[in-house]
Amino acid sequence: MILVTAAQGNQGRLLVPKLLAAGQPVRACVRTQASAARLQALGVPEVVVGDLSEPAVLARAVDGVRKVYHVGPTIHPRERAMGLAMVDAARAAGVRHLVFSSVLHAITTDLVQHEIKRDIEEHLLSSGLEFTILQPANYMLPLKLRPVFEQGVFELSWSLERRQSLVDLGDVTDVACLALTESERHAGATYELAAPGRYTAHELGDIISRVLGRPIVVREIDADTYLRAWVADADPQQVTHQIRVLRAISARYSSHDFVGNPNVLTWLLGRPPTTFESYVRGQHAAFLRRAAR
């Protein structure tokens, strides 16, 4: 049995069907009954509903599982505590292999979220558990493309001149599936996952413009504007951690490039990784199909 946390998140919704297609028994952990119903409709035999920061929920989630894929909840204020507790609970439950979704260059501790994941990596390395650590670059996300398709505006919350590497979530979850189904081959490994290319915002905008066949506007926004896309109109006093995370990202990415190398991902996939242009073409085709309904 393989436990997948955040099973309806960006990674989980892609990974779970791949594990099911590979004939793997899956236990999913989600926060709501609505998410559980969607997973059950896919054929997931076991779904744990609850908050993994609660010891009883965590104990129920890991009971009897052989492998764990742990994805920390996005910019969650208790992400560190939840990750450390997951490692401890997995060890106590006799889990054989824990695959942890970390982040590229987790040692960059002026990034709040990176420091959290670095601490969880260290705890996992010291736990005695068999492990694989995935360190993906910035995700290619529909959230950043939606304003381009709808309004012709591509926005980033850091300097437009700085370079970044990206990675497709489909490729990341292909690697996660390999690590979970071929555990001995990937045991003890830490993999940096990045697609080819090191792009400024202007170069990303040129690619998007070429796909759409029309010019677009490339615009820098501040971290607080981007935050509203994540938390909408929440009280700022209730999202102080999220504000710290996103402001740290804006500051770091405005003063330093954030780049990786595609060699490891290419080797793991046995094929060229998905390029940003290919990703944009796929997302735009899906956008047009939805608009035509």
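The values are calculated or read from the model by the stated rules, or taken from the named source; none is laboratory data. If you're wondering where the values come from, they're calculated on a predicted model, not measured in any experiment. All Cβ positions, even for glycine, are placed from backbone atoms using ideal geometry, and neighbour counts span all protein chains on display. Accessible surface areas use protein heavy atoms only, side chains included; no ligands, DNA or RNA. Shrake-Rupley method; radii C 1.70, N 1.55, O 1.52, S 1.80 Å.
Of note:
- Taken over segment 258-283, the residue count meeting the criterion of being buried (at least 16 other Cβ atoms within 10 Å of the Cβ) and outside any helix (DSSP H, G or I) is 7.
- Failed criterion for L169 (all others in (1) open to solvent by less than 30 Å² (accessible area, probe 1.4 Å); (2) more than 19 Å from the chain's Cα centre (by Cα); (3) touching a residue at least 60 places away in the same chain (Cβ under 8 Å) hold): (2)
- Residue match in segment 82-102 (condition: within 30 Å of S250 (Cβ to Cβ), of a type outside the set (A, V, I, L, M, F, W, C), at pLDDT 90 or above and in a loop (DSSP other than H, G, I, E, B)): yes
- Pairs where the first residue, in segment 143-165, is part of a helix (DSSP H, G or I) and the second is of a type in the set (V, I, T) and open to solvent by 10 Å² or more (accessible area, probe 1.4 Å), C-beta under 6 Å, 6+ apart: P147/V153; V148/I216
- R146 vs. criteria modelled with pLDDT under 95 and open to solvent by 50 Å² or more (accessible area, probe 1.4 Å): yes
- Checking each residue in segment 104-122 for being β-branched (V, I, T), part of a loop (DSSP other than H, G, I, E, B) and touching a residue at least 40 places away in the same chain (Cβ under 8 Å) picks out only T108.
- Restricting segment 90-101 to residues that are farther than 15 Å from V71 by Cα and of a type outside the set (D, E, K, R), the residue that is surrounded by the fewest Cβ atoms within 10 Å (Cβ to Cβ) is A92.
- Residue among V44, V68, V30 that is within 20 Å of L124 (Cα to Cα) and touching a Leu at 6+ places or on another chain (Cβ under 9 Å): V68
- Of Q8, Q40, all but one fail to be among the polar types (S, T, N, Q), open to solvent by 50 Å² or more (accessible area, probe 1.4 Å) and without any contact (Cβ under 8 Å) to a residue 40 or more places away in the chain; the exception is Q40.
- Residue within segment 62-70 that is open to solvent by 50 Å² or more (accessible area, probe 1.4 Å) and touching a Pro at 6+ places or on another chain (Cβ under 8 Å) present: no
- L19 modelled with pLDDT of 90 or more and touching a Leu at 6+ places or on another chain (Cβ under 9 Å): yes
- Of the residues in segment 94-101, at least one is of a type in the set (S, T, Y) and under 17 Å from T181 (Cβ atoms).
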